[in-house]
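Student: Here it is, the structure in full.
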Amino acid sequence: MSDKIHDLVMIGAGPSALAAAVYTTREDIETIIYEKSAVGGLAATTDMVDNYPGFPEGIEGPVLADQLQKQAERFGAQIEFGEVESIRDEGEYKAIIVDGLEVKAKVVLIATGSKYGKINAPGEAENYGKGVHYCATCDGAFYKGKRLVVVGGGNSAIQEAIFLTRFASHIDLLVRSTVKASDVLQRKLQKFVDEGIITVHLETTIDEIVTTEGKVTHMHTTKKGKPAKVEADGVFVFAGLKPNTDFLKGSGVELDEVGFIKTDANLQTNIPGVFASGDVRSGATMQIACAVGEGATAAHSIRKYLQG
């Protein structure tokens, strides 16, 4: 515990926070970023980012995350690893509890992003990391020549399914309703469907992930109201995103019905001096470019707040 009151503490080191840090540090605002896992957030686990402006050929997610980190640190951002457990408003300052220790700051920016959604099927939690995965770039290489199931019909699911074709012999794409990915990704997907590498199953849900001798072997599913079976050596789930806001319980920060943080037009929450940006914010578009833009907006609002 220290009596020092820092200018700004950011929670989360994804693209939004890193972009904000570039601006705040250039304004000589002391900026400390706390990250509990990997710098770069979900962007760092994305194989290829094709829609980030300025990269006509796309850019690998880990490379983009690394460049954002280096840029923020070049201007003086201090990145620390630690898990924020809670925050509270003390009027003159905000108290942030990090790994059991109190850190004080005049302003807090919450940019904790989102986490992968679960399908909550029997066998999912028990086999996490042992046949059930949420990151294709992290675990895809374990399945060379194997059959895989990918769950989801949004941009992330289609993008990761295409990435997994580098390793898998065949992929069954299970979509709860219809494919809702962008037209560009759907055209790419169709090429693999035409080649017989990916099979799309619409109106299909997983009822159970089945293992034999500790290894995933197949899934019991419901397809268009009828029971079915899909054989696979592993399953990758991309069922939407959930906000990382559990640590805000009891903080007084207002959340929407799903758990995302409510902000005003200046990205300030209902608590003066507490801001939010990126995928954790209610109404966010869940795009890296938008998260970066919100980071810049938040930095501008923070500067004005500190100036009184």
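Student: In the set 80, 92, 85, 57, which member is free of Cβ contacts under 8 Å to residues at least 40 places away in the same chain and either out of contact with any Ser or Thr (no Cβ under 9 Å at 6 or more places or on another chain) or not in a loop (DSSP other than H, G, I, E, B) (or both)?
Tutor: On inspection, the qualifying residue turns out to be 57.
Student: Based on this model, can you work out whether residue 246 counts as of a type outside the set (S, T, N, Q), under 22 Å from residue 120 (Cβ atoms), assigned by TED's automatic domain parsing to the domain that holds residue 280 and surrounded by fewer than 21 Cβ atoms within 10 Å (Cβ to Cβ)? Break it down into steps so the answer makes sense when it comes.
Tutor: Details: of a type outside the set (S, T, N, Q): yes; under 22 Å from residue 120 (Cβ atoms): yes; assigned by TED's automatic domain parsing to the domain that holds residue 280: yes; surrounded by fewer than 21 Cβ atoms within 10 Å (Cβ to Cβ): yes.
Answer is yes for this residue.
Student: Looking only at segment 2-20, how many residues end up being under 16 Å from residue 81 (Cα atoms), part of a helix (DSSP H, G or I) and either in contact with a strand residue (DSSP E or B) (Cβ under 7 Å, 6 or more places away or on another chain) or among the basic types (Lys, Arg) (or both)?
Tutor: Within segment 2-20, residues that are under 16 Å from residue 81 (Cα atoms), part of a helix (DSSP H, G or I) and either in contact with a strand residue (DSSP E or B) (Cβ under 7 Å, 6 or more places away or on another chain) or among the basic types (Lys, Arg) (or both) number 1.
Student: Being within 15 Å of residue 240 (Cβ to Cβ), in a strand (DSSP E or B) and either among the basic types (Lys, Arg) or at pLDDT 90 or above (or both) is the filter here; which residues of segment 115-143 pass it?
Tutor: 115, the sole residue that qualifies.
Student: Can you pull out the residues in segment 21-54 that are within 26 Å of residue 87 (Cα to Cα) and part of a loop (DSSP other than H, G, I, E, B)?
Tutor: Within segment 21-54, 27, 28, 29, 30, 36, 37, 38, 39, 40 qualify.
Student: Restricting attention to segment 156-209, report how many residues are surrounded by 16 or more Cβ atoms within 10 Å (Cβ to Cβ), among the small types (Gly, Ala, Ser) and at pLDDT 95 or above.
Tutor: 2
Student: Another question, then. Give the residues of segment 60-77 that are under 17 Å from the mean Cα position of the chain (by Cα) and outside any helix (DSSP H, G or I), sorted by residue number.
Tutor: Answer for segment 60-77, where residues must be under 17 Å from the mean Cα position of the chain (by Cα) and outside any helix (DSSP H, G or I): just 60.
The values are calculated or read from the model by the stated rules, or taken from the named source; none is laboratory data. In this text, all values refer to a predicted model and were calculated from it rather than measured experimentally. Using ideal geometry, Cβ is built from the backbone for each residue, glycine included, and neighbour counts are taken over all protein chains shown.
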